[in-house]
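> Dropping the structure in here first, questions after.
Only the coordinates and a few stated rules stand behind these numbers; no lab work does. Fair warning: this is a prediction, and the values are worked out from it, not measured in the lab. A quick note on method: Cβ atoms are made from the backbone with ideal geometry, for glycine too, and the neighbour counts reach across all protein chains shown.
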């Protein structure tokens, strides 16, 4: 008895300290926290941002490209002087070239346009994938939350049964001491009490594990003071099962993000096939360029020499005959850097047509692969629908089975409680032995446990059905 009082003091004192630093979480708070902090949701959101960048990039791909280039060259040896167009030996040359180039597709089989449309569909599908992750997390949280509630009630039932057995142990001990019962009855009850103590420890462990599981789903630190609010839940009734599984599926088929994502994936695969077929189309493109350069051996004309007399022959008398060279002789000088860059500019515009003839069967292979992806997307959509329908059917069947089990167990519990009360009174007056008493008590405990299990199983399954009908998950 002293040991029990000490344990009770420790539990109460420790619980008081724990609760003083503890925050109680409702199901709605848990779901909201997960929506903002869950790592899986954050990763799926990052995937949408990636697809947004792909879409932006494909749209900007319609704008003409512009690139600049520059290079510096140092050479020596035999070289051509572009000023005089004469070769010279052992010449050292420093040259710089600058250029701008622009290119744009005018037509390439609508591949650019179809790529944009495909990326838009992929982005929309990624948004639906985020919603799918959120839905899965919400359902997982609801299941973990209801498990905690079940374990709390089971712990309470186990503790109550332990208390009843403890009272019987004390009463039996008094009767043994008074000589009214054999000591074996006391020992058997004491063994039952020890067994129920173990059951209580197991129930406490299950509760702790379920709390830990919910913290892990929420990505909370494990050492965080954590507990959940326990709302009052009505006993199961048939109202949530008025609508059948097929009607729930017809609603879910239009609203569930996994179906929307699969539909968008099929449309994306159709655009992928169009892109692959566009590889057979000729490509019409427009290009433009601008170039200039500098060389340190180039010179510019700085002046012209006056006409010169050029000997052309000798007369019979021996006199040299001259003629006037009418062409002025240019004189060359230094050619400044910026003047060369200005004078050496050249600009061009081109229109090109590229016609695919043979490229190692690559285009046909791409088309075949795109057809395979399209067929796979069709099968993926069909699979998603079948999975959704199977999930709804299973939830409906489980809810119906849980409701039947609850109703039957509830009726059995009434009879079991009356039977145990009768057995307990007979045991107190010595008309029933310890073995029969323990059997009756264990049957009562098992029935109470079955009733709780059926109750929470029904609640969870109906929450799934309501969720697929478009209702938020609440308690």
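> Specify the angular offset, from 0 to 90 degrees and rounded to the nearest 10, of the alpha carbon long axis of helix 362-428 from the longest principal axis of the alpha carbons in the chain.
So the inclination is approximately 20 degrees.
> Still on this structure, I have one more. Just one of (i) 69, 52, 46; (ii) 94, 63, 48; (iii) 177, 52, 34 is Cα extents along the principal axes in Å calculated from these coordinates, so which is it?
Comparing each candidate, only (iii) matches the computed number.
> Multiply the residue gap between residue 104 and residue 65 by 0.36 nm, knock off their C-alpha separation, and tell me the result in nm, one decimal place.
On the way: separation 39, 0.36 × 39 = 14.04 nm, distance 0.63 nm.
Using 0.36 nm per residue and subtracting the Cα-Cα distance, I get 13.4 nm.
> Where does each of 458-467, 420-429 land if you order them by average Cβ count within 10 Å, highest first? Before the final figure, lay out the partial values.
Numbers: 458-467: 21.3, 420-429: 15.3.
Per-residue Cβ counts within 10 Å, averaged per peptide and sorted highest first, yield 458-467, 420-429.
> In whole Å, what are the Cα extents of the range 111-192 along the three principal axes, biggest one first?
99, 16, 8
> While we're looking at this one, here's another question. Does the range 238-306 come out rounded, prolate or oblate, given a ≥ b ≥ c as the square roots of the eigenvalues of its C-alpha gyration tensor, rounded meaning a/c under 1.5 and, failing that, prolate meaning a/b above b/c?
Numbers: a/c = 9.78, a/b = 4.45, b/c = 2.20.
The shape class here is prolate.
> A further question follows. Assuming a ≥ b ≥ c are the square roots of the Cα gyration tensor eigenvalues, decide whether the range 356-475 counts as rounded (a/c under 1.5), prolate (otherwise, with a/b larger than b/c) or oblate.
Prolate shape, in that a/c is at least 1.5 and a/b is the bigger ratio.
> So what's the range 174-299 giving for Rg/Rh, alpha carbon basis, Kirkwood Rh from the mean inverse pair distance?
Details: Rg = 37.7 Å, Rh = 25.5 Å.
Using only Cα positions, Rg/Rh for the range 174-299 is 1.48.
> How large is the translational diffusion coefficient of the range 151-227 in µm² per second when you combine the Kirkwood radius over alpha carbon pairs with Stokes-Einstein at 25 °C and 0.890 mPa s? Please list the in-between numbers first.
Values: Rh = 14.5 Å.
This corresponds to a translational diffusion coefficient of 170 µm²/s.
> Rounded to whole Å, give me the distance from the Cα center of the range 154-229 to that of the range 343-403.
So the separation of the two Cα centres works out to 58 Å.
> Normalising by the residue count of the range 393-475, find the relative contact order in percent from Cα pairs under 8 Å and 6+ residues apart.
Numbers: 58 pairs, mean separation 39.5, N = 83.
That works out to 48 percent.
> For residue 424 and residue 386 in one chain, what is 0.36 nm times their gap in residues minus the Cα-Cα distance, to one decimal in nm? Numbers along the way, then the final one.
Working: separation 38, 0.36 × 38 = 13.68 nm, distance 5.35 nm.
Difference between extended and current length: 8.3 nm.
> Now a separate question. Before anything else, pin down the relative contact order of the chain: Cα pairs under 8 Å, at least 6 apart, normalised by residue count, whole percent. All intermediate terms of the calculation are to be shown ahead of the outcome.
Numbers: 610 pairs, mean separation 102.4, N = 475.
With pairs under 8 Å counted, the relative contact order is 22 percent.
> Kindly identify the range 401-452 as rounded, prolate or oblate by the Cα gyration tensor criterion: order the square roots of the eigenvalues as a ≥ b ≥ c, call it rounded if a/c is under 1.5, otherwise compare a/b with b/c, prolate if a/b is larger, else oblate.
Numbers: a/c = 4.52, a/b = 2.62, b/c = 1.73.
Judged from the Cα gyration tensor, the range 401-452 comes out prolate (a/c at least 1.5, a/b above b/c).
> Now for a different question. So if the hydrodynamic radius of the range 67-171 is defined as the Kirkwood radius over C-alpha pairs, what does Stokes-Einstein give as its diffusion coefficient at 4 °C and 1.567 mPa s, in µm² per second?
Numbers: Rh = 23.6 Å.
D = 55 µm²/s.
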